[in-house]
Amino acid sequence: MKHDILLIGGSGFVGKTIGQKLQSKGYSVLVPSRRYSAMRDLRLLPSVTLVEADVNQPEVIERLCEDVKPQGAVINLVGILQDHEAKPYGPGFKRAHVDLPQAIIAAMKSKQLKRYLHMSALGADSNGPSMYQRSKGDGENRVRASDLDWTIFRPSVIFGEQDQFINTFASLARIFPIIPLAYSSAQFQPVSVNDVASAFVMALTHPHTIHQSYDLVGPQVFTMKQLVEFAARKAGKDRLVISLPNWVGYLQALAFELSPGPTLMSRDNIASMSIPNVLAVGAKDALVEDFKITKQRIESLLT
């Protein structure tokens, strides 16, 4: 059986929401993942097929594309936030943000598939200050250089019930009465996972989105400090957030990198925050103007 959609990265936070919306619209969806257990939220969706597969292998991508209908689409959501220091970026960023899109493009061409939806990031730039931004920018360049019917989405920080960003700080707020925070004035424009997913699904039936890039942002701009204070409210805690000098934040990030377990904040994350992660002045608000979406506010997480 061939599928309408190949959803790469579908087992992640955003992918699960997109998978559910695709299911509700009647699409048949193929979702690969290296761990079947990571896809348990999608198991009950009748039109979603789950398969264990390592998409970092080009031959695997080709086999997956064989199972997509000729008029179907490939959606790539794969992304990582941290990697080892290297120039212009580490091997993990290269594999996830540059090599994988290139392999998808090659596989789609070999199987005569045309429609491709690509998840990038607000601030992606081949000359950006962080490895993350540079690798995301190079990935975008690969997509734009292809002859596919591509659409690129560039969201700010994505929030939702299961997001890592707000929930990580909420977990810290449950433990610590005082939260020291570097780069507390860094700016973000958080966007709802539901709004991002809606834009992806709508693009499938909107031909005018082909060969377009869309910056996706929420209705409000927040500083990092305001977001951490919000996370504390979500945790039901009244916490004091203390701004640290940037140089202390750099040392703190280095310590996180050297510590065992997940890295809460890296030096590369700090480099990304040197540029406001908000809609540029005068830029088009795509969710409102192109997709006619009434944007969800972050306070919805409190209900």
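This table checks each residue for (1) closer than 24 Å to His208 by Cα; (2) in contact (Cβ under 8 Å) with a residue 12 or more places away in the chain; (3) among the polar types (S, T, N, Q); (4) surrounded by 21 or more Cβ atoms within 10 Å (Cβ to Cβ).
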{"site": "Pro101", "(1), (2), (3), (4)": "yes, yes, no, yes"}
{"site": "Leu117", "(1), (2), (3), (4)": "yes, yes, no, yes"}
{"site": "Ser126", "(1), (2), (3), (4)": "no, yes, yes, no"}
{"site": "Ser146", "(1), (2), (3), (4)": "yes, yes, yes, no"}
{"site": "Arg154", "(1), (2), (3), (4)": "yes, yes, no, no"}
{"site": "Ile158", "(1), (2), (3), (4)": "no, yes, no, yes"}
{"site": "Ile166", "(1), (2), (3), (4)": "no, yes, no, yes"}
{"site": "Ala173", "(1), (2), (3), (4)": "no, yes, no, yes"}
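Looking only at region 188-245, which residues are among the hydroxyl-bearing types (Ser, Thr, Tyr) and either surrounded by 16 or more Cβ atoms within 10 Å (Cβ to Cβ) or not in a loop (DSSP other than H, G, I, E, B) (or both)?
Across region 188-245, the qualifying residues are Ser192, Ser198, Thr209, Ser213, Tyr214, Thr223, Ser243.
Run down Gly10, Gly19 and say which single residue is at pLDDT below 95, closer than 18 Å to Ala199 by Cβ and not in a helix (DSSP H, G or I).
Matching residue, one of Gly10, Gly19: Gly10.
Does region 268-283 contain at least one residue that is modelled with pLDDT under 95, within 21 Å of Ile175 (Cα to Cα), crowded, with 20+ Cβ neighbours inside 10 Å and out of contact with any Ser or Thr (no Cβ under 7 Å at 6 or more places or on another chain)?
No.
Yes or no: region 123-144 includes at least one residue that is closer than 23 Å to Glu66 by Cα and either in a loop (DSSP other than H, G, I, E, B) or modelled with pLDDT under 95 (or both).
No, the conditions are met nowhere in region 123-144.
In region 103-113, which residues are in a loop (DSSP other than H, G, I, E, B) and either of a type in the set (Gly, Ala, Ser) or crowded, with 20+ Cβ neighbours inside 10 Å (or both)?
Result: Leu113, single match.
Just the residues that are aromatic (Phe, Trp, Tyr) and either part of a helix (DSSP H, G or I) or at pLDDT below 95 (or both), please, taken from region 70-97.
Phe93
Have a look at Ile105, Ile75 and point out the one that is touching a residue at least 60 places away in the same chain (Cβ under 8 Å), touching a helix residue (DSSP H, G or I) at 6+ places or on another chain (Cβ under 7 Å) and over 24 Å from Ile275 (Cβ atoms).
Answer to the selection: Ile75.
Here is a list of conditions, (1) at pLDDT below 85; (2) of a type in the set (D, E, K, R); (3) closer than 21 Å to Ile178 by Cβ, and Glu257 meets all of them except one; can you say which number that is?
Here Glu257 meets the rest and fails (3).
For region 71-90, which residues satisfy the criterion of being over 20 Å from Ala253 (Cα atoms) and surrounded by fewer than 18 Cβ atoms within 10 Å (Cβ to Cβ)?
Gln71
Leu227 - would you say it is hydrophobic (A, V, I, L, M, F, W, C), at pLDDT below 90 and farther than 30 Å from Asp4 by Cβ?
For Leu227, the condition - hydrophobic (A, V, I, L, M, F, W, C), at pLDDT below 90 and farther than 30 Å from Asp4 by Cβ - is not met.
Take the conditions of a type outside the set (Val, Ile, Thr) and either in contact with a helix residue (DSSP H, G or I) (Cβ under 8 Å, 6 or more places away or on another chain) or closer than 23 Å to Lys16 by Cβ (or both) and apply them to Arg154. Does it pass?
Yes: the conditions hold for Arg154.
This table checks each residue for (1) charged (D, E, K, R); (2) at pLDDT 95 or above.
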{"residue": "Phe169", "(1), (2)": "no, no"}
{"residue": "Ile178", "(1), (2)": "no, no"}
{"residue": "Ser185", "(1), (2)": "no, no"}
{"residue": "Ser192", "(1), (2)": "no, yes"}
{"residue": "Ser198", "(1), (2)": "no, yes"}
{"residue": "Ile210", "(1), (2)": "no, yes"}
{"residue": "Arg233", "(1), (2)": "yes, no"}
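Out of Leu100, Leu117, I need the residue that is assigned to a strand (DSSP E or B) and under 19 Å from the mean Cα position of the chain (by Cα). Which one?
Sole residue among the options that is assigned to a strand (DSSP E or B) and under 19 Å from the mean Cα position of the chain (by Cα): Leu117.
Out of region 37-69, which residues are modelled with pLDDT of 95 or more and in a loop (DSSP other than H, G, I, E, B)?
Asp67
The values are calculated or read from the model by the stated rules, or taken from the named source; none is laboratory data. Note that the structure is a prediction, hence the values are computed from the model and not measured. Ideal geometry is used to build each Cβ from the backbone, glycine not excepted, and the neighbour counts take in all protein chains shown.
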